[in-house]
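First comes the structure, then the notes that go with it.
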Amino acid sequence: MLILISPAKTLKTDIPASPNSSIPVFIDKSNKIAIKLKKLKPQKLGDLMGISANLAQINYERYQSWKVPYKVEDALNAIFAFSGEVYNGLDIDSFTNEDLEYTNEHLRILSGLYGILNPMDAILPYRLEMGTKLKMGNLNNLYEYWGDKITHLINKQIKESGEETIINLASNEYFKVINTKKLKAKVITPIFMEEKNGNYKVISIYAKKARGMMSAFILKNRITQVEEIKHFTEGGYHFNDGMSE
């Protein structure tokens, strides 16, 4: 099965990429986005992304230094670079080398700048959410820019690997970039809720961490059957048959 997760807004930049890192498959498409963002002054960039002046300046400098091709030693491996609740739950530092190899084959990270990433892809530090209303040519936003490209690539990888199921552990903001009508796989979307006084509710910060924990559970245990995911009990969660489809 193939697992999809979202990236994170924050990055850890102190671990350089491995010498045998891969290059993102859509790097030429990413370059077109970066070149456009490179032309924006900090204030315009901040307005576009809805971020503070300080963050706008940081990302302005990142895009000013963007160049393709880039040296691996100047880059970060995606799976080690992203920070935040999903990645806290994933706890990639606890993975063995064999776990990492398996993860690189079975996990994909959706990205506003890179489209889709393998865990060991070498990336430059960036910030660009999928929901950013950035026009690219006659395309109104990043959903239109990336949608068919990502969907086609996932279909290709599914066919090549023989996978039949996608476990969607990405946020709605990111997963909706995929054209599910064209997707040639079964999609399972786990939803994580907290119970209080008999009522269930999604609480974002907990749900994000749970997506990471479930990703780790599937990857470390080499789970291939959907039914096995029902045994996930990390963080006190359990499968609720009555609320599931």
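The values are calculated or read from the model by the stated rules, or taken from the named source; none is laboratory data. If you're wondering where the values come from, they're calculated on a predicted model, not measured in any experiment. Methodologically, a virtual Cβ is constructed for each residue, glycine included, from the backbone with ideal geometry; neighbour enumeration extends over all protein chains shown. Each accessible area value is taken on the protein alone, full model and side chains, heavy atoms only, with ligands, DNA and RNA left out. Shrake-Rupley method; radii C 1.70, N 1.55, O 1.52, S 1.80 Å.
Taking each residue of the stretch 160-184 that is within 14 Å of Ser215 (Cβ to Cβ) and looking for partners that are of a type in the set (Ser, Thr, Tyr) and part of a helix (DSSP H, G or I) with beta-carbon atoms closer than 6 Å, six or more apart or interchain, yields Leu169/Ser215.
Mind checking which residues of the stretch 38-91 are among the polar types (S, T, N, Q) and touching a strand residue (DSSP E or B) at 6+ places or on another chain (Cβ under 8 Å)? Matches in the stretch 38-91: Asn77, Ser83. Does Leu128 fit the bill of being crowded, with 21+ Cβ neighbours inside 10 Å, in contact (Cβ under 8 Å) with a residue 24 or more places away in the chain and not β-branched (Val, Ile, Thr)? Here the answer is yes, as Leu128 does meet what is asked. When the residues of the stretch 93-118 are filtered to those that are assigned to a loop (DSSP other than H, G, I, E, B) and under 27 Å from Tyr63 (Cβ atoms), the one that is most open to solvent (accessible area, probe 1.4 Å) is Asn118.
Looking at the stretch 70-79, can you tell me whether even one residue there is surrounded by fewer than 19 Cβ atoms within 10 Å (Cβ to Cβ) and in contact with a Gly (Cβ under 8 Å, 6 or more places away or on another chain)? Scanning the stretch 70-79, I find no residue that is surrounded by fewer than 19 Cβ atoms within 10 Å (Cβ to Cβ) and in contact with a Gly (Cβ under 8 Å, 6 or more places away or on another chain), so the answer is no.
Scan the stretch 145-157 and report the pairs whose first residue is on the phi < 0 side of the Ramachandran plot and whose second residue is open to solvent by 20 Å² or more (accessible area, probe 1.4 Å) and among the charged types (D, E, K, R), with Cβ atoms within less than 7 Å and a gap of 6+ or a chain change. As it stands, the answer is Lys149/Lys29; Thr151/Lys182; Asn155/Lys184, since those pairs meet every condition given. Taking the criterion of being open to solvent by less than 80 Å² (accessible area, probe 1.4 Å), closer than 26 Å to Ile154 by Cα, out of contact with any Gly (no Cβ under 9 Å at 6 or more places or on another chain) and among the acidic types (Asp, Glu), would at least one residue in the stretch 27-36 satisfy it? Within the stretch 27-36 (the criterion being open to solvent by less than 80 Å² (accessible area, probe 1.4 Å), closer than 26 Å to Ile154 by Cα, out of contact with any Gly (no Cβ under 9 Å at 6 or more places or on another chain) and among the acidic types (Asp, Glu)), the answer is no, since none of the residues qualifies.
Screening the candidates Ile5, Ile51 for the property of being touching a Leu at 6+ places or on another chain (Cβ under 6 Å), under 20 Å from Gly131 (Cβ atoms) and not small (Gly, Ala, Ser) yields one hit, Ile5.
Determine, yes or no, whether Leu48 is modelled with pLDDT of 95 or more and under 28 Å from Asp28 (Cβ atoms). Against the criterion (modelled with pLDDT of 95 or more and under 28 Å from Asp28 (Cβ atoms)), Leu48 qualifies.
Exactly one residue out of Asn168, Asn141 is at pLDDT 95 or above and under 16 Å from the mean Cα position of the chain (by Cα), and it is Asn168. Exactly one residue among Met120, Met49, Met136 is closer than 30 Å to Asn221 by Cβ and in contact (Cβ under 8 Å) with a residue 12 or more places away in the chain, and that residue is Met120. Screening the stretch 137-245 for strands (runs of 3 or more DSSP E) wholly inside it with 2 or more residues that are surrounded by 15 or more Cβ atoms within 10 Å (Cβ to Cβ) returns the ranges 165-168.
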